[in-house]
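Asker: There's a structure below that I have some questions on.
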Amino acid sequence: MPDRTAGLQAAVRHAETYLAGLGQRPVAARATAADVVERLGGPVPAHGTDPAEVVDALAAGADPGLVASAGPRHFGFVVGGALPAALAADWLVSAWDQCAAFHALSPAGAAIEEIASAWVVDLLGLPRTASVGFVTGGQGANTTCLAAARHAVLAAAGWDVERDGLIGAPPLRVLCGEQAHATIHTALRLLGLGADTAIRIPADAQGRMDPDALGRTLADGSGPAIVCAQAGNVATGAFDAFEPLADACAAHGAWLHVDGAFGLWAAAAPATRHLTRGVERADSWAVDAHKWLNVPYDCAAAIVAHPDAHRAAMSLTGPYLVADQGQRDNTTYVPESSRRARAVPVYAAIRSLGRTGVADMVERNCAQARRMAAHLGTIPGATVLNDVVLNQVLVALPGGDDANRAAVAAIQRDGTCWLGGTTWQDAYVLRVSVSNWATTDEDIDRSAAAIAAAAGTASGATS
Ligand SMILES: *Cc1c(COP(=O)(O)O)cnc(C)c1O
């Protein structure tokens with residue numbers, strides 16, 4: 001029997017080396033998945049290996065295939081790093097190895113999720129009575145919230161969807177902005193509502209849903225309806241206008257869900273709070289913790305203004321399950337039964353930053369996005385395409401789609417920073433997302449220089 005802590009020292013050593021080098025190594029991976037398979041794969045080992053040796057082999061084998069996405073110059077997708085306290089707390093979660101489904105299995109797991117729930121709701125300015133489930137990501141949060149929505153709007157029409165399913169149910173309309181995130185459509189698919197049945201409401205040049213068009217479309221029909229709005233467009237960072245959307249939903253008895261995967265954190269900072277005006281009037285909100293709150297993967301919150309609907313959609317019952325009366329069973333708010341104590345790193349992140357620290361991180365990243373946009377705007381022929389209201393920058397380099405594709409590839413190859421491309425209004429353009437606690441202004445300046453250099457090379461190569 002190996003010592004219980006065998007391997008931990010090796011893990012600490014490797015983690016320290018990795019984290020110390022995170023700001024220096026090329027941001028892109030140096031190896032493909034096939035290379036890593038070559039290094040770590042093979043048949044099932046016939047005999048065991050000492051824990052420390054296993055950890056050593058893993059660290060060495062995986063290293064070239066790692067992306068420095070936790071580092072300060074990864075601007076692709078919207079990732080976020082891991083705050084020191086959150087990372088350390090995440091390790092404790094594994095050491096404790098709690099099954100944080102039921103109070104009976106972990107009073108500490110229940111208590112810490114209760115506290116983290118209240119803190120997240122407070123920081124985001126949402127109703128204190130809202131219920132929170134900590135799930136794996138924005139996908140899980142959107143799905144959980146929309147399950148609660150499906151319950152509530154069908155219950156109001158006299159239908160019990162949990163018991164009777166959707167066969168024979170009153171017709172239900174789902175309306176979303178043209179720019180709804182792909183995970184909304186996946187959530188609808190998982191909930192039996194169909195990925196493509198949502199009515200798409202036109203959006204403006206920044207990706208904001210047209211509230212008048214929403215009102216007209218809601219008025220055109222009747223019966224149960226769910227509206228999916230967005231706080232933080234994944235390309236532009238734009239916010240839907242929640243006041244008029246909430247008015248339209250209230251007038252027609254529709255459930256308003258807000259996908260705020262990264263953007264909802266704008267509500268936690270004085271400089272950006274105005275972008276979310278009226279968002280507290282929604283019925284549910286999905287927000288990631290692993291993006292802008294900078295906790296390690298994976299963690300997000302599904303927040304519902306109507307705890308009964310949340311519980312009806314998610315709760316688990318069975319004769320062998322011991323519910324402790326009056327105690328929080330985390331499983332009541334999430335699709336999973338057994339699960340890790342996922343909110344512990346959220347608790348640690350918020351405790352380490354405090355209210356002002358969360359606000360500073362959001363405001364700093366937004367200022368850095370503006371700084372990046374100012375740099376990129378000086379590249380000859382380049383156009384910044386979005387209003388940089390948050391942490392996202394969309395830029396078109398000169399030379400058209402092929403030149404922009406070549407530039408993205410050149411930037412990734414160069415390794416100073418990492419960003420990806422996206423299709424925006426039929427053009428392939430570069431997308432920059434700033435959401436890491438450790439990013440400095442110097443990182444922005446260095447990265448902008450690398451992007452400018454790649455732009456020169458790429459447009460030279462294709463012109
Ligand atoms: C990232 C994102 C999601 C999905 O979140 P995951 O954490 O990747 O599951 C949903 N909506 C928006 C707007 C996002 O940016």
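The values are calculated or read from the model by the stated rules, or taken from the named source; none is laboratory data. Everything quoted here is computed from the prediction, not taken from an experiment. Positions of Cβ are backbone-derived with ideal geometry, glycine not excepted, and every protein chain shown enters the neighbour counts. Keep in mind that these areas ignore ligands, DNA and RNA; they rest on the heavy atoms of the full protein, side chains included. Shrake-Rupley method; radii C 1.70, N 1.55, O 1.52, S 1.80 Å.
Asker: Any residue at all in segment 104-122 that's over 22 Å from Ala348 (Cβ atoms), in contact with a Ser or Thr (Cβ under 7 Å, 6 or more places away or on another chain) and either open to solvent by 30 Å² or more (accessible area, probe 1.4 Å) or within 16 Å of the ligand (Cβ to nearest atom) (or both)?
Answerer: Taking every residue of segment 104-122 in turn, none turns out to be over 22 Å from Ala348 (Cβ atoms), in contact with a Ser or Thr (Cβ under 7 Å, 6 or more places away or on another chain) and either open to solvent by 30 Å² or more (accessible area, probe 1.4 Å) or within 16 Å of the ligand (Cβ to nearest atom) (or both).
Asker: Answer yes or no as to whether Ala157 is of a type outside the set (D, E, K, R), surrounded by fewer than 24 Cβ atoms within 10 Å (Cβ to Cβ) and in contact (Cβ under 8 Å) with a residue 60 or more places away in the chain.
Answerer: So Ala157 fits the description; yes.
Asker: Considering Val346, Val395, Val389, which residue is of a type in the set (A, V, I, L, M, F, W, C), over 30 Å from Arg163 (Cβ atoms), in contact with a Phe, Trp or Tyr (Cβ under 9 Å, 6 or more places away or on another chain) and open to solvent by less than 10 Å² (accessible area, probe 1.4 Å)?
Answerer: Within the list Val346, Val395, Val389, the selection yields Val346.
Asker: Across segment 134-149, what is the number of residues that are open to solvent by 10 Å² or more (accessible area, probe 1.4 Å) and out of contact with any Asp or Glu (no Cβ under 9 Å at 6 or more places or on another chain)?
Answerer: 2
Asker: When you look at Arg73, is it in contact with a helix residue (DSSP H, G or I) (Cβ under 9 Å, 6 or more places away or on another chain), more than 23 Å from Asn436 (Cα to Cα) and either free of Cβ contacts under 8 Å to residues at least 60 places away in the same chain or not aromatic (Phe, Trp, Tyr) (or both), yes or no? Spell out the reasoning first.
Answerer: Numbers: in contact with a helix residue (DSSP H, G or I) (Cβ under 9 Å, 6 or more places away or on another chain): yes; more than 23 Å from Asn436 (Cα to Cα): no; either free of Cβ contacts under 8 Å to residues at least 60 places away in the same chain or not aromatic (Phe, Trp, Tyr) (or both): yes.
So Arg73 fails the test.
Asker: Mind checking which pairs have a first residue in segment 123-141 that is farther than 11 Å from Trp285 by Cβ and hydroxyl-bearing (Ser, Thr, Tyr) and a second that is open to solvent by 10 Å² or more (accessible area, probe 1.4 Å) and within 14 Å of the ligand (Cβ to nearest atom), Cβ under 7 Å, 6 or more apart or different chains?
Answerer: Pairs found: Thr136/Asp298.
Asker: I'm told Asp212 meets every condition in (1) of a type in the set (Asp, Glu); (2) away from the ligand (no atom under 16 Å from the Cβ); (3) open to solvent by less than 30 Å² (accessible area, probe 1.4 Å) except one. Can you identify the failing condition by its number?
Answerer: (3)
Asker: Which count do you get for residues in segment 179-196 that are within 14 Å of the ligand (Cβ to nearest atom) and assigned to a loop (DSSP other than H, G, I, E, B)?
Answerer: The number of residues fulfilling the criteria is 3.
Asker: Every residue in segment 243-262 that is within 15 Å of the ligand (Cβ to nearest atom) and of a type outside the set (A, V, I, L, M), please.
Answerer: Scanning segment 243-262 gives His257, Asp259, Gly260, Phe262.
Asker: When the residues of segment 399-431 are narrowed to those that are modelled with pLDDT of 95 or more and assigned to a loop (DSSP other than H, G, I, E, B), which ends up surrounded by the fewest Cβ atoms within 10 Å (Cβ to Cβ)?
Answerer: That would be Gly415.
Asker: Please tell me if Val258 is open to solvent by 10 Å² or more (accessible area, probe 1.4 Å) and not in a helix (DSSP H, G or I).
Answerer: Numbers: open to solvent by 10 Å² or more (accessible area, probe 1.4 Å): no; not in a helix (DSSP H, G or I): yes.
When the stated conditions are applied, Val258 does not pass them.
Asker: Moving on. Would you mention how many residues in segment 165-178 are open to solvent by 50 Å² or more (accessible area, probe 1.4 Å) and either closer than 14 Å to Ala313 by Cβ or not charged (D, E, K, R) (or both)?
Answerer: 4
Asker: Okay, next question. Given the criterion open to solvent by 40 Å² or more (accessible area, probe 1.4 Å), more than 16 Å from the ligand (Cβ to nearest atom) and among the charged types (D, E, K, R), identify the matching residue among Arg371, Arg328. It would help to see each step written out before you state the result.
Answerer: Details: Arg328 fails: open to solvent by 40 Å² or more (accessible area, probe 1.4 Å).
The conditions single out Arg371.
Asker: I would also like to ask the following. Run Cys176 past the list (1) in contact (Cβ under 8 Å) with a residue 60 or more places away in the chain; (2) touching a His at 6+ places or on another chain (Cβ under 9 Å); (3) not polar (S, T, N, Q) and report the number of the one that doesn't hold.
Answerer: Result: Cys176 fails condition (1) only.
Asker: Return the pair list, or none, for Cβ contacts closer than 9 Å from residues in segment 1-30 that are over 16 Å from Pro72 (Cα atoms) to residues that are of a type in the set (Phe, Trp, Tyr), at least 6 apart or on different chains.
Answerer: Once the first residue is over 16 Å from Pro72 (Cα atoms) and sits in segment 1-30, its partners that are of a type in the set (Phe, Trp, Tyr) give Leu8/Trp91; Ala11/Trp91; Val12/Trp91; Ala15/Trp91.
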